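Enquirer: Dropping a structure here in structure tokens format, bear with me for questions.
The values are calculated or read from the model by the stated rules, or taken from the named source; none is laboratory data. Here the structure is a predicted model, which means the values were calculated and not measured. Here the Cβ positions follow ideal geometry from the backbone for every residue, glycine too, while neighbour counts run over all protein chains shown. Just the protein is used for accessible areas: all its heavy atoms, side chains included, with ligands, DNA and RNA removed. Shrake-Rupley method; radii C 1.70, N 1.55, O 1.52, S 1.80 Å.
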Amino acid sequence: MRVAGAGRCTVVVGSQWGDEGKGKIVDVLAEEVDIVARYQGGANAGHTVHVADGEFVLHQIPSGILHADKRCLIGNGVVLDVARFFEEYDGLANRGIDLDGRIGVSLRAHLLLPYHRWLDQAREEAASSQIGTTGRGIGPAYEDKAGRRGIRVVDVHAPERLAAMARAGLERARAAFPDRDAAGLAEELEGALSTAPRLAPLTTETGEEVWSALQGGKHVLLEGAQGTVLDLDHGTYPFVTSSTTTAAGAATGIGVGPTAIDEVLGVVKAYTTRVGNGPLPTAFSPEMDERVRRLGGEFGATTGRPRRCGWFDAVVGRLAARVNGLTGLAVTKLDVLDTLPALRIATGYRTPAGLVESFPADTALLDRVEPVYEELPGWQANTSEARSLADLPAAARAYLDRVEELLQVPVRMVSVGTRRQQIIRT
Ligand code: GDP
């Protein structure tokens with residue numbers, strides 16, 4: 001049981017299909033915390049953070065690293081692409097960021113190795129109904145974890161065991177696709193394993209670190225990747241990622257219990273986007289899609305793939321409020337809507353069986369639903385300079401009020417641009 005008045009634990013969770021702008025929100029909040037930790041996913045995440053020195057795209061290292069003196073943790077729920085991790089590590093170091101003693105990797109996290117990526121791509125090419133994964137090996141790495149044959153970070157402390165397990169993994173992968181070209185894969189694996197001596201000194205028990213930080217009165221931020229409707233259980237299965245993206249995953253993925261969490265901030269875009277395959281009920285018409293994609297720069301940070309865009313979906317929002325236990329909302333990219341004359345919010349779906357207001361489990365049905373829209377006036381004014389709610393046009397405030405009302409979650413932050421200072425705190 002935590003001592004009352006002790007530290008504070010905040011979870012930041014994507015509340016749509018990912019790419020909500022979590023990186024920016026975490027970057028803003030990181031100023032106020034002592035530890036920033038990732039709890040699931042892997043190198044498929046791509047947070048873009050704009051700071052005075054330019055743009056950083058972070059895949060595995062928490063974006064708190066851009067703030068001096070913050071400790072950054074990679075939790076046990078993450079699958080660590082160790083080769084890519086050190087590329088990112090060296091990239092940050094080369095740009096003058098001091099990383100010494102600032103990064104800890106859970107001993108219990110699983111290693112994502114080159115054969116996982118190779119398997120992911122092989123499966124994606126072979127699958128008749130493609131999921132649209134990022135091809136980064138995340139699914140196969142989590143399969144190995146659940147299949148109890150994965151390699152954990154702790155194994156880097158036992159080099160012989162590590163080598164034997166990796167050899168077995170490579171053989172298993174090749175046996176699954178005997179006809180597929182595997183040239184260079186063994187060398188790539190060697191390269192990844194050669195980072196083990198660099199990884200060993202970074203290892204830690206993330207749960208213990210977070211727990212003692214909280215007991216010592218510190219503020220910890222647990223940073224989610226992807227989003228609620230990509231959650232393995234609660235998302236649009238099978239068009240989902242292989243981990244628990246929702247707030248409960250933060251507890252298990254870092255190594256503390258759910259009662260350690262004090263607040264859950266859900267990040268939503270002021271509209272909706274989706275990358276990869278699977279249903280998007282509020283998808284725009286092709287012309288509108290093109291327009292908002294351009295206005296919002298909606299291309300994936302990891303893959304460069306164009307994102308499909310649509311209206312804000314309160315059905316998804318209510319799902320996110322419930323499964324994450326949201327205590328607040330951070331609405332991002334409000335400025336992207338500045339030029340639109342009218343806006344819509346979906347409040348329910350019309351289905352062949354009647355009107356539904358909660359997100360259906362039947363993913364195939366989502367392709368056939370017809371959203372029920374409410375129309376609100378646009379504000380057609382520049383919001384990017386607003387720093388308080390009072391600075392916003394009345395129609396923009398009304399839009400936010402309606403989102404808050406439909407989701408029954410208070411809006412705590414509004415982002416009106418890519419830069420750190422373009423934020424409204426309520
Ligand atoms: P994440 O994975 O949830 O962090 O999202 P991404 O980094 O993939 O996508 C967010 C993109 O939107 C980044 O390029 C951000 O710089 C940008 N962004 C974040 N907040 C805002 C905002 O309020 N307005 C605008 N125009 N862009 C934003």
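Enquirer: What spacing in nm lies between the two simple spin-label points modelled at Ala93 and Arg148, each 7 Å away from Cα in the Cβ direction?
Expert: 3.8 nm
Enquirer: Report the one residue of Gly46, Ile103, Gly184 whose Cα lies farthest in the direction of the positive end of the charge dipole of the chain (charges on C-beta: Lys and Arg +1, Asp and Glu -1; origin at the Cα centre).
Expert: With unit charges placed on the Cβ atoms, the residue in question is Ile103.
Enquirer: Here's something else I'd like to know. How about Lys22: which aspartates and glutamates have a C-alpha closer than 12 Å to its C-alpha, ignoring those fewer than 8 places off in the same chain?
Expert: Lys22 reaches Glu223.
Enquirer: Out of segment 306-375, which GluC sites (Glu not before Pro) are coil in DSSP terms and have no more than 15 other C-beta atoms within 10 Å? The partial results should precede the final answer.
Expert: Values: sites: Glu357, Glu374, Glu375; in loops: Glu357.
Qualifying residues, ordered by number: Glu357.
Enquirer: Follow-up question, since we're still on this one. Could you work out the relative contact order of segment 110-197, using alpha carbon pairs under 8 angstrom and six or more residues apart, expressed as a whole percent?
Expert: Numbers: 77 pairs, mean separation 30.1, N = 88.
Computed value for segment 110-197: 34 percent relative contact order.
Enquirer: Here is a further query. How big is the charge dipole of the chain about its Cα centre, in debye rounded to the nearest 20, if each Lys and Arg gets +1 on its Cβ and each Asp and Glu gets -1 on its Cβ? Can you show the working numbers first?
Expert: Details: 46 positive and 54 negative charges, 73 e Å.
Using Cβ point charges on Lys, Arg, Asp and Glu, the chain gives about 360 debye.
Enquirer: Further, regarding this structure: Given a 1.4 Å probe, how much area per residue of segment 268-425 is accessible, in Å²? Each step should come with its number before you reach the end.
Expert: Values: 6750 Å² over 158 residues.
Ligands and nucleic acids excluded, the result is 43 Å² per residue.
Enquirer: While we're here: Would you work out the charge dipole size for segment 110-197 about its Cα centre, treating the Cβ of every Lys and Arg as +1 and the Cβ of every Asp and Glu as -1, and quote it to the nearest 20 debye? Intermediate results must be reported in sequence, preceding the final value.
Expert: Details: 12 positive and 13 negative charges, 74 e Å.
Magnitude of the dipole: close to 360 debye.
Enquirer: Using a 1.4 Å probe on the protein chains only, how many percent of the accessible area of segment 268-425 belongs to carbon and sulfur? Let's see the in-between values first.
Expert: Numbers: 3340 of 6750 Å².
Ligands and nucleic acids excluded, carbon and sulfur reach 49 percent.
Enquirer: Using 0.36 nm times the number of residues separating Arg8 and Ala398, minus their current alpha carbon distance, what extension gain do you get? Write out the running numbers ahead of the final one.
Expert: Working: separation 390, 0.36 × 390 = 140.40 nm, distance 3.15 nm.
Between Arg8 and Ala398, full extension yields 137.2 nm more.
Enquirer: Hey, can you grab everything whose amide H is under 5 Å from the amide H of Arg8? Only 5+ residues off in sequence or another chain; H modelled, so Pro and N-termini drop out.
Expert: Lys218, His219, Val220
Enquirer: Treating only the Cβ atoms of Lys and Arg (+1) and Asp and Glu (-1) as charged, compute the dipole magnitude of segment 324-426 about its Cα centre; round to the nearest 20 debye. Intermediate values should be presented prior to the final figure.
Expert: Working: 11 positive and 13 negative charges, 86 e Å.
The calculation lands at about 420 debye.
Enquirer: With the Cα gyration tensor of segment 176-229 giving a ≥ b ≥ c as the square roots of its eigenvalues, does the rule (a/c under 1.5 for rounded; else a/b larger than b/c for prolate; else oblate) give rounded, prolate or oblate?
Expert: oblate
Enquirer: While we're on this one: Is the C-alpha gyration tensor of segment 313-393 telling us rounded, prolate or oblate? Criteria: a/c under 1.5 is rounded; beyond that, a/b larger than b/c is prolate, otherwise oblate.
Expert: Details: a/c = 3.23, a/b = 1.72, b/c = 1.87.
Here segment 313-393 falls in the oblate category.
Enquirer: Based on DSSP loop calls and a cut-off of at most 11 other Cβ atoms within 10 Å, the longest stretch of the chain free of exposed trypsin sites (Lys or Arg not before Pro) is what? Show your work: numbers first, answer last.
Expert: Working: sites that count: Arg95, Arg148.
So the longest stretch without any such site is 149-426.
Enquirer: Here's a follow-up. Can you find, among Tyr399, Leu58, Val229, the residue sitting farthest towards the positive end of the charge dipole of the chain, where Lys and Arg contribute +1 and Asp and Glu -1 at Cβ?
Expert: Ranked along the dipole, the leading option is Val229.
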